[in-house]
Every structure is written in C-alpha cells, then in structure tokens.
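Shown next, in structure tokens, is the structure this report addresses.
The values are calculated or read from the model by the stated rules, or taken from the named source; none is laboratory data. Computed from a predicted model, the values in this text were never measured in an experiment. In this analysis, Cβ positions are derived from the backbone assuming ideal geometry, glycine residues included, and neighbour counts consider all displayed protein chains. The area values use the complete protein model at the heavy-atom level, side chains included, leaving out ligands, DNA and RNA. Shrake-Rupley method; radii C 1.70, N 1.55, O 1.52, S 1.80 Å.
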Amino acid sequence: LGVLENTMAGEGPGGAVAGGMSVVVHPLVLLSTVDHYNRVAKDTSKRVVGVLLGSSTKGVVDVTNSFAVPFEEDKKNPAIFFLDHSYLETMFRMYKKVNAREKIMGYYSTGPKIKENDIKIDDIMRRFCPNPVFVIIDVRPDVEGIPTTAYLSVEEVESDGKEIQRSFKHIPSSVGAFEAEEVGVEHLLRDVNDPSVSTLANLVKHKISGLTGLREQLLEMKTYLENVLTGKLPANNQIIYNMQTIFNLLPNLNVEELIRALLVKTNDMHLVIYISSLIRCIIALHNLVKNKIQYEDADVLAEKEVAQTSSGSKSKSKEEKAPQAGEKEGGGAGGGGGGSSGGEEAKEKK
C-alpha cells in the first residue's frame with residue numbers, strides 16, 4: 001500500500017516540489033475536523049473548511065493543530081463561495097498567543113474530492129503561507145484506509161506556452177503522533193477496543209480492510225489508465241513507471257516450484273487448523289464427561305443424605321411415641337388403686 005501511495009502521488013511538471021514534501025497529520029487535527037463536520041454539516045452534502053497549524057522541517061510538514069473557519073459555497077454556482085478572512089486572522093492571532101511556534105501550514109476540507117473553489121482558496125491562503133498544503137480529510141465512517149490525502153499547488157505552463165496556471169499535485173501524507181498524543185489516543189480507544197487482545201476475528205477484519213484498500217487503489221489505477229487511453233488525461237511517465245515497478249514486484253505464479261510451495265504451505269496450515277479443531281472437540285467432550293461424573297456423585301450424596309435424614313426422623317418419632325404409651329398405662333393403674341382404697345374406707349365407716 002505504501003508503494004501505491006507513492007504511485008498516485010506522482011510528479012508532473014513541478015514534480016520536484018511535490019515529491020520533496022510530505023505531510024504528517026496528528027490525531028488532534030483529525031478529531032477537530034470530525035467535530036467541526038458533526039457540528040456544521042452532519043447529514044448534509046456540505047463540506048467544511050479549516051486552517052491547519054504546525055511547523056515544517058526538512059520538507060516534512062507536521063500538522064499539529066487546526067481551527068474551523070466559516071465557509072459557505074453556492075450549490076448552483078460553484079464559483080461563488082464565502083470564506084471569513086477577518087475570523088481567520090483573529091483566530092490565528094489568538095492561537096499565536098498560546099503557541100508562537102505554530103504557523104499556518106495550509107487548510108483542510110472534508111471533500112471528499114477536489115472542487116473548483118479549492119484552487120481559489122489556495123490563492124487566499126498564500127497571503128498567510130507561501131506554500132500552503134491542502135489536505136482532504138475524509139470523515140465518512142465506512143471508508144477504509146488512511147483518511148487523509150494531501151496536495152500542493154504548483155505552476156503549470158499551458159501547451160501553447162502563453163498562460164501559466166496553478167493545479168494541485170499529490171504529495172505523500174501519513175498519520176503520526178508524538179508520545180503524549182499516543183498516550184491520549186490509547187486512553188480514548190481503551191473503551192472502544194483492547195489492542196492487547198488479538199482474536200481471529202480481528203485478524204480477519206484487518207486483512208479484509210487491507211484488501212479493500214488495495215482494491216480501491218487498483219481501481220484508481222485502472223481508471224487512470226482508461227482515461228489516458230481515451231485521451232481524457234495526458235500520460236504521466238512517472239505514474240506509469242511506478243505502476244510498472246509494482247507489476248514487476250508481483251510473483252510469477254506460472255512457476256511450478258512456487259505453486260508447489262504455496263500448496264505445501266496451505267496444506268500445512270490446514271493440518272494445524274484440523275488438529276486444533278480435534279483438540280478443542282476432545283477437550284470439550286472431556287469437560288462434559290467430567291461435569292457429568294461430578295453431578296452424578298453429587299446426586300448420589302444428596303440422595304444418601306435425604307435417606308439418612310428421613311430414617312432419623314422416623315426413629316425419633318417412634319421413640320417419642322413409646323414413652324407416651326407407657327404414661328397412659330401407668331395412669332390407668334393408678335386410677336384402679338384409688339378405687340379399691342375408697343371401698344376399704346367406706347367399709348371401716350360402716
């Protein structure tokens with residue numbers, strides 16, 4: 001994918017300028033752009049525009065901060081747009097008081113494509129920066145890959161040699177962060193996803209994302225070549241050279257040794273997967289049998305306890321009934337003795 005990025009960031013006229021620069025976008029800029037879009041243009045076809053702040057060192061533009069700028073454009077007439085200059089100047093003065101090292105490096109847009117007004121906005125930004133970079137930050141959640149695309153405007157001479165006009169050229173872009181920013185991003189992602197846990201589903205998802213990005217790049221290359229064949233675009237030797245380099249790096253699948261090596265590796269992987277599945281099944285059956293034995297032993301013990309408690313209660317009830325019967329018999333005998341003594345007393349009185 002890195003080769004494909006360099007391929008599409010081709011050098012044309014003025015390619016020495018475009019090829020010698022690169023843009024590194026920091027996480028704070030991405031978060032600010034998404035927040036700006038959600039507050040202003042969510043669920044609409046509008047786009048938002050803002051200013052990029054940062055520094056430049058040896059051709060590498062570090063975009064560390066940004067702020068939103070009021071921007072409107074006419075849908076019916078794309079040539080009509082409004083950019084609040086006074087707001088831009090006021091905000092930059094305030095940011096400069098906070099951090100004097102941050103300078104205006106260019107501007108951003110949520111695109112997702114270059115529009116007619118972008119080159120005019122580039123002319124406005126040249127008042128604040130000699131070579132402003134233009135970064136399109138794609139805020140769509142369903143888009144895979146790096147969400148940034150960077151451009152730099154260069155002068156081009158028309159074929160007749162009379163008129164000079166500016167056009168955008170691709171420059172490499174990436175997402176980078178300082179150590180403190182990495183810690184902050186990790187804290188934000190801790191509730192979303194645990195990077196320390198690697199599962200098969202996550203690995204498959206990452207591979208699908210990579211293949212989707214590769215497919216998009218290949219489709220873009222195909223569209224470019226078709227436009228060159230039909231005459232819609234001029235042929236750029238640097239882009240075609242990079243494409244040829246990519247195709248030369250592809251392996252030759254017609255070699256018998258390579259085919260055999262791929263088959264052997266695939267069979268080895270499938271064997272490991274098959275053995276792992278068998279082991280999982282055996283362990284699951286073992287745990288099932290073990291649990292069943294434990295539950296059977298517990299049931300037997302419970303039945304024995306119930307039988308013992310029931311027999312103990314029966315013996316206690318028999319013991320309680322026996323003394324009660326003896327007391328009843330003793331009471332009857334005492335009553336008979338009382339009756340005889342009463343008869344003897346009556347005889348003596350007579």
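Laid out as a table, the results:
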read-out: Residue identified as open to solvent by 40 Å² or more (accessible area, probe 1.4 Å), among the charged types (D, E, K, R) and within 19 Å of the chain's Cα centre (by Cα) among K222, K232, K207; value: K207
read-out: In the stretch 235-253, residue least open to solvent (accessible area, probe 1.4 Å) [restricted to those that are part of a loop (DSSP other than H, G, I, E, B) and not polar (S, T, N, Q)]; value: A235
read-out: Scope the stretch 167-179; condition closer than 12 Å to Y151 by Cα and either open to solvent by 50 Å² or more (accessible area, probe 1.4 Å) or not in a strand (DSSP E or B) (or both); matching residues; value: H170, P172
read-out: Qualifying residue in the stretch 153-161 (condition: open to solvent by less than 40 Å² (accessible area, probe 1.4 Å) and polar (S, T, N, Q)); value: yes
read-out: Residue tally, condition within 30 Å of the chain's Cα centre (by Cα) and either among the hydroxyl-bearing types (S, T, Y) or not assigned by the TED database to the domain that holds K46 (or both), over the stretch 80-120; value: 4
read-out: Which numbered condition P251 misses (of (1) under 34 Å from the mean Cα position of the chain (by Cα); (2) of a type outside the set (A, V, I, L, M); (3) at pLDDT 90 or above); value: (3)
read-out: Residues of the stretch 121-140 satisfying the condition of being open to solvent by 70 Å² or more (accessible area, probe 1.4 Å) and either in a helix (DSSP H, G or I) or of a type in the set (D, E) (or both); value: D123
read-out: Matching residues in the stretch 42-84 - criterion: being out of contact with any His (no Cβ under 8 Å at 6 or more places or on another chain), assigned to a loop (DSSP other than H, G, I, E, B) and within 22 Å of Y151 (Cβ to Cβ); value: S45, K46, R47, K58, G59, P78, A79
read-out: Residue that is exposed (fewer than 12 other Cβ atoms within 10 Å of the Cβ) and farther than 24 Å from I146 by Cβ, where the choices are E256, E186; value: E256
read-out: Failed criterion for G145 (all others in (1) in contact with a strand residue (DSSP E or B) (Cβ under 8 Å, 6 or more places away or on another chain); (2) of a type outside the set (A, V, I, L, M); (3) within 24 Å of P27 (Cβ to Cβ) hold); value: (1)
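Here is a yes/no grid of residues against (1) surrounded by 19 or more Cβ atoms within 10 Å (Cβ to Cβ); (2) within 29 Å of P141 (Cα to Cα); (3) basic (K, R); (4) modelled with pLDDT under 95:
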site	(1), (2), (3), (4)
V40	no, yes, no, yes
D43	no, yes, no, yes
S55	no, yes, no, yes
V60	no, yes, no, yes
E89	no, no, no, yes
Y95	no, no, no, yes
V98	no, no, no, yes
R101	no, no, yes, yes
T110	yes, yes, no, yes
